[in-house]
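Chemist: First, the structure itself, so that you have it in front of you.
The values are calculated or read from the model by the stated rules, or taken from the named source; none is laboratory data. Not measured: the values here are computed from a predicted model. So basically every Cβ, Gly included, is an ideal-geometry build from the backbone, and we count neighbours across all protein chains shown. Heads up: the accessible areas ignore ligands, DNA and RNA and are worked out on the full protein's heavy atoms, side chains in. Shrake-Rupley method; radii C 1.70, N 1.55, O 1.52, S 1.80 Å.
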Amino acid sequence: MEKFGRSQSVRRVEDLRFLTGEGRYVDDVAPEGALHVHFLRSDVAHGVLGPLDLEEARAVPGVHLVLDAAALAEAGVTRGLPAVTVKNRDGSDGAAPKRPLLAEGRVRYVGEAIAMIVAESPEAARDAAEMVWPEIEDLPAMLARGPGETDLHEEAPDNRAYDWGIGDREATEAAFADAAHVIEMEVEDNRIIVASMEPRGAYAEMEDGRLHLAVNAQGVWVPKRVLAEVLEMDAEMIRVTNPDTGGGFGMKGQPHPEQVLVAQAARMLNRPVRWMATRSEAMVSDAGGRDLRHRAALAFDDDLRITGYRVETDCNLGAYNSQFGQIIQSTLFSRVLTGVYDIGAAWLNARAWYTNTTPVDAYRGAGRPEAIYLLERLMDRAARELDVDPLELRRRNFIAVEKFPYASLTGETIDVGDFARVLARGEDFADLAGFEARRAASESRGKLRGLGLCYYIESILGDPSEGAKVVFEEDGTVTIYVGTQSNGQGHETVYAAFLSDQTGIPMGRIRVVQGDSDLIAQGGGTGGSRSVTTQSHATLATVEAMIAAFQPYLAEKMGVQPDDVSFDDERFRAPGSNLTPTLIEAAEMARADGRAELLSHEKRAKLPGRSFPNGVHIAEVEVDPETGKTDLVRYRVVDDFGNLINPMLAEGQVHGGVAQGAGQALMERVVHDESGQILTASFMDYALPRADDLPMIGFATEPVPSTANPMGMKGCGEAGTVGAMAAVANAVADALWQKGVRQADMPFTPERVWKMMHDVEARA
């Protein structure tokens, strides 16, 4: 047991190497002699691609390999990235057009890779790329959320990837027909660039006939599976490692063509090959996020209880619907496409229609940021139009405490929750009683002050199974191998602390190993806020197996029966014995006795159910009516994350998530011109929030421990973003309501906010 006990705030152990430049990222692990990759990318959004003449490029000094789609096919690689097919409403399969590694016959977005050049230096590779002159016959860029002028793929007529729906249409229509109040709204959810701190990169080499790919992803098993499938290799001949990674955000959870191409180059040349995207390259080639338009409505009875929910959603998937672009994830009342989508100025469309008529499902569990954003914008609109306290409106539609465990119509069971209690804590923590005084003070300075809140509930997603392996090393340290992957969340600290809590092994003697498919046979990676909950569950199972294995061994040493030996999270003990070894001491004894089987323990475990973190975000903004400039001036969060391992790290996760959500709400937006050229492909044109754009973020927890896992935990990785977009947007809407603005969509840049106010004045 560590000095300060469990669930204490501990500084991250990995920060020392990160802050002193000792981190090991993809660009650090490649050896000096590795060849460099450069990708020639399309500067046209949509067009017919003619055959490429690659001979001049191949003749450039220092160039080792130049590939286009044809040359890649000659090398035996013809498959594209895998896709997940969604069923249409009529039961047919949605479209799954091939996403080639290099453009085949047509380019479909600015930034699509046309050719790959491998050379001794980045300069030689770029020089060779200038020797390739792609002939592209322009076609109309597909920018609309609709059929458009031309189809991007024969397999997707009218550019529709799928037309999917769920719910009871007749019951929903009846609910709206009988409603005392109906609130309707069209909501835009702007497209954003992920902009991870570390751009995408990869390094590949051949090791004794096996392919080794190092990639900055969100786990090693998806890249390994994709490599085996696309390159038609035996998975046992592939090793994937994932070193330190500077941000993932879902975007790095899906495969991109470059990873596979770098690996293929290493196979063909039998030389180490490396690639690291530039920032502008990442902005045009990374999968993007959001980009949805919703037409939504809520039906209320006389008591302002929700009786029906109707949504039509149009989604831009990008030029291809590969991998996560088609994965359906859980949302508010059913399921709708969310997550990250393939990049592109020419893109496929999808329509999702979903309804529900059960009032208490209004806060059932779900939430992807897109879904919570939509519902909370609607609830905010309803509170204004129906002239009801926004907190009271939400309280009336919460699932009551006595209803738990609560089975939703989509098959999920929410184990526990006390939403009204969390909301009440948030009301007090945010000092809502003092808001009118703060509003008056803002008005005295000529500013409009707005208050916005969001109550979110999230369903923790991803594989519920995970594994852990604990090994006692000869030097007295302990190594734990985990199946999740840190992208900067502090996993090394959390996992070491948790194992220390359960075993009494000093945290400083525990080493966490992740991201190596040879060392860890199976894992789910990181995504959907699953990591700590699933990994801790697996660690518990491994600790239990470890203690059970040591008990009969120590019973012989103590002269007692195995059942008499107990472990108190720090030492083994038995009545009548003075021998009280720690696990480290027991392992040393086992090593001395040649009991190697006691030095390594491994177990997989599956969570019995999902957990449902929830909470309230409360934002206050000031709007300058003269310029439209909007400042986020006050922010408070109260979360129910259940039991926490490290409260400080949880707070840090929320701070980062709030910054991401507030950034989308206030400034981030991908813009293309009419020809499909991206106009926001650098930080000169794409705004990310900085420290001076955010206030100090107040954070508190009101835990209701989950019963779906032994630790009582609820994931927290995405909670900040899930709540922030709607809280900030509702605060801006509240400020602008005073000026007569009734429709306000993100991002709330000064020009857009100014125009919203002046359009109202012009109409008046």
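Chemist: Just to be sure before I move on: is LEU101 within 22 Å of ASN270 (Cβ to Cβ), in contact with a Pro (Cβ under 6 Å, 6 or more places away or on another chain), aliphatic (A, V, I, L, M) and surrounded by 14 or more Cβ atoms within 10 Å (Cβ to Cβ) in the structure I sent?
Modeler: For LEU101, the condition - within 22 Å of ASN270 (Cβ to Cβ), in contact with a Pro (Cβ under 6 Å, 6 or more places away or on another chain), aliphatic (A, V, I, L, M) and surrounded by 14 or more Cβ atoms within 10 Å (Cβ to Cβ) - is met.
Chemist: Looking at (1) in a loop (DSSP other than H, G, I, E, B); (2) surrounded by 13 or more Cβ atoms within 10 Å (Cβ to Cβ), which one does ASP28 not meet, given that it meets all the others?
Modeler: Of everything listed in (1) in a loop (DSSP other than H, G, I, E, B); (2) surrounded by 13 or more Cβ atoms within 10 Å (Cβ to Cβ), ASP28 misses just condition (1).
Chemist: Go over the candidates VAL226, VAL273, VAL262 one by one and state the one that is in contact (Cβ under 8 Å) with a residue 60 or more places away in the chain, under 25 Å from the mean Cα position of the chain (by Cα) and closer than 21 Å to PRO31 by Cβ.
Modeler: VAL262 is the lone residue from the list that is in contact (Cβ under 8 Å) with a residue 60 or more places away in the chain, under 25 Å from the mean Cα position of the chain (by Cα) and closer than 21 Å to PRO31 by Cβ.
Chemist: Taking the condition of being within 20 Å of the chain's Cα centre (by Cα) and at positive phi, how many residues in the stretch 436-465 meet it?
Modeler: Total satisfying the criteria: 1.
Chemist: Considering PHE39, PHE18, which residue is in a helix (DSSP H, G or I) and aromatic (Phe, Trp, Tyr)?
Modeler: From the options PHE39, PHE18, the qualifying one is PHE18.
Chemist: What are the residues in the stretch 695-741 that are of a type outside the set (A, V, I, L, M, F, W, C) and closer than 18 Å to LEU666 by Cα, if any?
Modeler: If the condition is that a residue be of a type outside the set (A, V, I, L, M, F, W, C) and closer than 18 Å to LEU666 by Cα, then PRO695, GLY720, THR721, GLY723, ASN730, ASP734 are the ones that fit.
Chemist: Here is a further query. Being open to solvent by less than 30 Å² (accessible area, probe 1.4 Å), closer than 30 Å to ARG11 by Cα and not acidic (Asp, Glu) is the requirement here; does ALA662 meet it?
Modeler: Taking the combined requirement at face value, the residue satisfies it.
Chemist: Taking the stated definitions as given, is MET206 in contact (Cβ under 8 Å) with a residue 12 or more places away in the chain, surrounded by fewer than 19 Cβ atoms within 10 Å (Cβ to Cβ) and assigned to a strand (DSSP E or B)?
Modeler: Spelling it out, MET206 is indeed in contact (Cβ under 8 Å) with a residue 12 or more places away in the chain, surrounded by fewer than 19 Cβ atoms within 10 Å (Cβ to Cβ) and assigned to a strand (DSSP E or B).
Chemist: Working carefully through the options GLU556, GLU570, GLU492, find the one that is of a type in the set (D, E, K, R), open to solvent by 20 Å² or more (accessible area, probe 1.4 Å) and in a loop (DSSP other than H, G, I, E, B).
Modeler: None of the other options fit; the residue is GLU570.
Chemist: Regarding the stretch 183-192, can at least one residue be identified that is under 30 Å from GLY105 (Cα atoms) and in contact with a strand residue (DSSP E or B) (Cβ under 9 Å, 6 or more places away or on another chain)?
Modeler: Taking every residue of the stretch 183-192 in turn, at least one turns out to be under 30 Å from GLY105 (Cα atoms) and in contact with a strand residue (DSSP E or B) (Cβ under 9 Å, 6 or more places away or on another chain).
One line per residue, one yes/no per condition, for (1) crowded, with 24+ Cβ neighbours inside 10 Å; (2) at pLDDT 90 or above:
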site	(1), (2)
PRO705	no, yes
CYS716	yes, no
ALA735	yes, yes
ARG742	no, yes
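Chemist: Select from the stretch 517-544 the residues that are crowded, with 19+ Cβ neighbours inside 10 Å, in contact with a helix residue (DSSP H, G or I) (Cβ under 8 Å, 6 or more places away or on another chain) and either of a type in the set (Phe, Trp, Tyr) or outside any helix (DSSP H, G or I) (or both) and list them in ascending order.
Modeler: Answer for the stretch 517-544, where residues must be crowded, with 19+ Cβ neighbours inside 10 Å, in contact with a helix residue (DSSP H, G or I) (Cβ under 8 Å, 6 or more places away or on another chain) and either of a type in the set (Phe, Trp, Tyr) or outside any helix (DSSP H, G or I) (or both): SER517, GLY523, GLY524, GLY525, THR526, GLY527, SER529.
Chemist: Please go through the stretch 592-604 and give me each residue that is in contact with a strand residue (DSSP E or B) (Cβ under 7 Å, 6 or more places away or on another chain) and not acidic (Asp, Glu), ordered by number.
Modeler: Of everything in the stretch 592-604, those that are in contact with a strand residue (DSSP E or B) (Cβ under 7 Å, 6 or more places away or on another chain) and not acidic (Asp, Glu) turn out to be LEU599, SER600, HIS601, LYS603, ARG604.
Chemist: For ILE547, which of the numbered conditions (1) among the β-branched types (Val, Ile, Thr); (2) under 15 Å from ASN646 (Cβ atoms); (3) assigned to a helix (DSSP H, G or I) fails to hold?
Modeler: Exception for ILE547: condition (2).
Chemist: Would you check which residues across the stretch 605-633 are over 21 Å from PRO369 (Cβ atoms) and modelled with pLDDT of 90 or more and list them?
Modeler: Matches in the stretch 605-633: GLU622, VAL623, ASP624, PRO625, GLU626, THR627, GLY628, LYS629, ASP631, VAL633.
Chemist: Kindly indicate the residue of the stretch 46-68 that is of a type in the set (A, V, I, L, M, F, W, C) and assigned to a strand (DSSP E or B) and also farthest from the chain's Cα centre (by Cα) among those meeting that condition.
Modeler: VAL63
Chemist: Here's a follow-up. Looking only at the stretch 154-176, which residues are open to solvent by 80 Å² or more (accessible area, probe 1.4 Å) and over 33 Å from the mean Cα position of the chain (by Cα)?
Modeler: Passing the criteria: GLU170, GLU173.
Chemist: Given the criterion surrounded by 16 or more Cβ atoms within 10 Å (Cβ to Cβ) and small (Gly, Ala, Ser), identify the matching residue among GLY576, GLY594, GLY609.
Modeler: Residue meeting the stated conditions: GLY609.
Chemist: Can I ask one more? Kindly list the number of the only condition in (1) free of Cβ contacts under 8 Å to residues at least 60 places away in the same chain; (2) in contact with a strand residue (DSSP E or B) (Cβ under 6 Å, 6 or more places away or on another chain); (3) of a type outside the set (Lys, Arg) that fails for HIS617.
Modeler: Result: HIS617 fails condition (1) only.
Chemist: Considering each residue of the stretch 293-314, count those that are out of contact with any helix residue (DSSP H, G or I) (no Cβ under 6 Å at 6 or more places or on another chain) and part of a strand (DSSP E or B), and give that number.
Modeler: Number satisfying all stated conditions: 9.
Chemist: Could you tell me whether any residue of the stretch 374-381 is open to solvent by 10 Å² or more (accessible area, probe 1.4 Å), more than 25 Å from GLU149 (Cβ to Cβ), modelled with pLDDT of 85 or more and touching a strand residue (DSSP E or B) at 6+ places or on another chain (Cβ under 6 Å)?
Modeler: Yes, there is a match, as at least one residue in the stretch 374-381 is open to solvent by 10 Å² or more (accessible area, probe 1.4 Å), more than 25 Å from GLU149 (Cβ to Cβ), modelled with pLDDT of 85 or more and touching a strand residue (DSSP E or B) at 6+ places or on another chain (Cβ under 6 Å).
Chemist: Sticking with this structure for a sec: Kindly provide the set of residues from the stretch 132-153 that are part of a loop (DSSP other than H, G, I, E, B) and more than 31 Å from the chain's Cα centre (by Cα), ordered by number.
Modeler: Those that are part of a loop (DSSP other than H, G, I, E, B) and more than 31 Å from the chain's Cα centre (by Cα): VAL132, TRP133, PRO134, GLU135, LEU139, PRO140, GLU149, THR150.
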